Amino acid sequence: MRTGLRRGAAGAGAEGGETAARRAGGRAASGVRGMVATARARVRQACGTSALEAGRALSTSIAMTHALIIGASGGIGSAVAQELERRGVSVTGLSRSGNGLDVTDEASVEEHLGRLEGPYDLIFCATGALEIDGASPEKTIRDLTPKAIADQVALNAIGPAMVLKHAIRLVPRREAAVMAVLSARVGSIGDNGLGGWYSYRTAKAAVNQLVHSAAIEFGRTHKKLSCVALHPGTVETAFTAKYADNHPTVSAAEAAGRLCDVFEQLTPAHSGRFFDYAMKEIPW
Ligand SMILES: NC(=O)c1ccc[n+]([C@@H]2O[C@H](COP(=O)([O-])OP(=O)(O)OC[C@H]3O[C@@H](n4cnc5c(N)ncnc54)[C@H](OP(=O)(O)O)[C@@H]3O)[C@@H](O)[C@H]2O)c1
């Protein structure tokens, strides 16, 4: 994985990346054909559609070659980077700890994304936190503070929105591409039967709205783009260490495999929507 290199720029690093991508090309070409066939079969199975319909549904799904991951240092971000590379995709990763990119600071997002040239056929935003500044998810509204909500919204909603704003120029206009933001099922209002976790839920509901609106706008100029919010499942990362309780969890590697399968199945018809790791739609 390259970290923050300018795609297509002169320099040993960039050349190394392109060469690696070319080397991977042959492997990827047959791999991609196989993956598309598998994806078609999966769509047929899931939707009960005919082969023809499934083919049509997938006619604009992506054959990924270049991916940009924001939050590449995280449990899910790093596992997705590894999985994509395993599938022959050239990955550029950016992160706060690795490159100093802070998604809560628009100038930082603009500066780091401004150094890249693209195009990327996958841009994946995997940043976020459940606990910020020691504020754990609220059990009751009595625990709620303005600062906790503001911090959550700044990181989990405004952050990905700034990524979408400054990354859209890196997406091809005429080719199939995916922009995906990690949301969380608990951001769904329709699915909220338990309450609690006020600030985190609010921030994730907000990011869902931001992704939905951006998808509508981007769809006017990027007809083959799918811009979506994704729930990764309950994944064993630093993020869940204190909170997974008795929930069934999956390893980051397994979650990454499932998310990459979703990326490969997304088409413009899915844009502006909210899916889980099995590509099951989640209500807003
Ligand atoms: N794990 C789960 O079960 C689960 C479930 C539902 C949703 N999600 C969502 O998935 C996303 C990733 O979760 P994870 O489990 O991979 O968490 P993680 O391992 O804790 O990784 C969090 C990532 O966010 C980055 N980050 C945090 N604050 C940042 C900031 N201000 N600017 C830039 N980057 C920042 C971290 O960067 P540094 O480490 O470099 O500072 C790290 O790359 C989150 O949005 C989370 O809400 C996770």
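Residue 122 falls short on exactly one of the conditions (1) modelled with pLDDT of 95 or more; (2) surrounded by fewer than 16 Cβ atoms within 10 Å (Cβ to Cβ), and that condition is (2). From the list 107, 161, 157, 129, the lone residue that is more than 19 Å from residue 67 (Cβ to Cβ) and free of Cβ contacts under 8 Å to residues at least 40 places away in the same chain is 107. Note on the stretch 192-228: residues that are over 19 Å from residue 157 (Cα atoms) and not hydroxyl-bearing (Ser, Thr, Tyr) amount to 9.
Considering each residue of the stretch 131-176, count those that are part of a loop (DSSP other than H, G, I, E, B), touching a Gly at 6+ places or on another chain (Cβ under 8 Å) and either farther than 12 Å from residue 198 by Cβ or among the polar types (S, T, N, Q) (or both), and give that number.
Within the stretch 131-176, residues that are part of a loop (DSSP other than H, G, I, E, B), touching a Gly at 6+ places or on another chain (Cβ under 8 Å) and either farther than 12 Å from residue 198 by Cβ or among the polar types (S, T, N, Q) (or both) number 3.
The C-beta contact set for the stretch 220-248 (first residue more than 20 Å from residue 279 (Cβ to Cβ), second residue among the polar types (S, T, N, Q) and more than 6 Å from the ligand (Cβ to nearest atom), distance under 7 angstrom, 6+ apart or interchain) comprises 236/249; 236/251; 240/249. Summed over the stretch 161-176, the residues that are crowded, with 21+ Cβ neighbours inside 10 Å and not hydrophobic (A, V, I, L, M, F, W, C) give a count of 0. The residue pairs whose first member lies in the stretch 65-85 and is closer than 17 Å to residue 160 by Cβ and without any contact (Cβ under 8 Å) to a residue 40 or more places away in the chain, whose second member is within 9 Å of the ligand (Cβ to nearest atom) and part of a helix (DSSP H, G or I), and whose beta carbons are closer than 6 Å, counting only pairs six or more residues apart or on different chains, are 73/97; 73/98.
Does residue 175 satisfy the condition of being without any contact (Cβ under 8 Å) to a residue 24 or more places away in the chain and within 26 Å of residue 116 (Cα to Cα)? Considered against the rule, which asks whether it is without any contact (Cβ under 8 Å) to a residue 24 or more places away in the chain and within 26 Å of residue 116 (Cα to Cα), residue 175 comes out as no.
When the residues of the stretch 101-131 are filtered to those that are among the small types (Gly, Ala, Ser) and near the ligand (Cβ under 9 Å from one of its atoms), the one that is farthest from the chain's Cα centre (by Cα) is 108. What number of residues within the stretch 132-160 are within 13 Å of the ligand (Cβ to nearest atom) and either among the aromatic types (Phe, Trp, Tyr) or surrounded by 15 or more Cβ atoms within 10 Å (Cβ to Cβ) (or both)? The number of residues fulfilling the criteria is 12.
The values are calculated or read from the model by the stated rules, or taken from the named source; none is laboratory data. Predicted model only: the values in this text are computed from it and were never measured. No Cβ is skipped: glycine too gets one built from the backbone with ideal geometry, and neighbour counts run over all protein chains shown.
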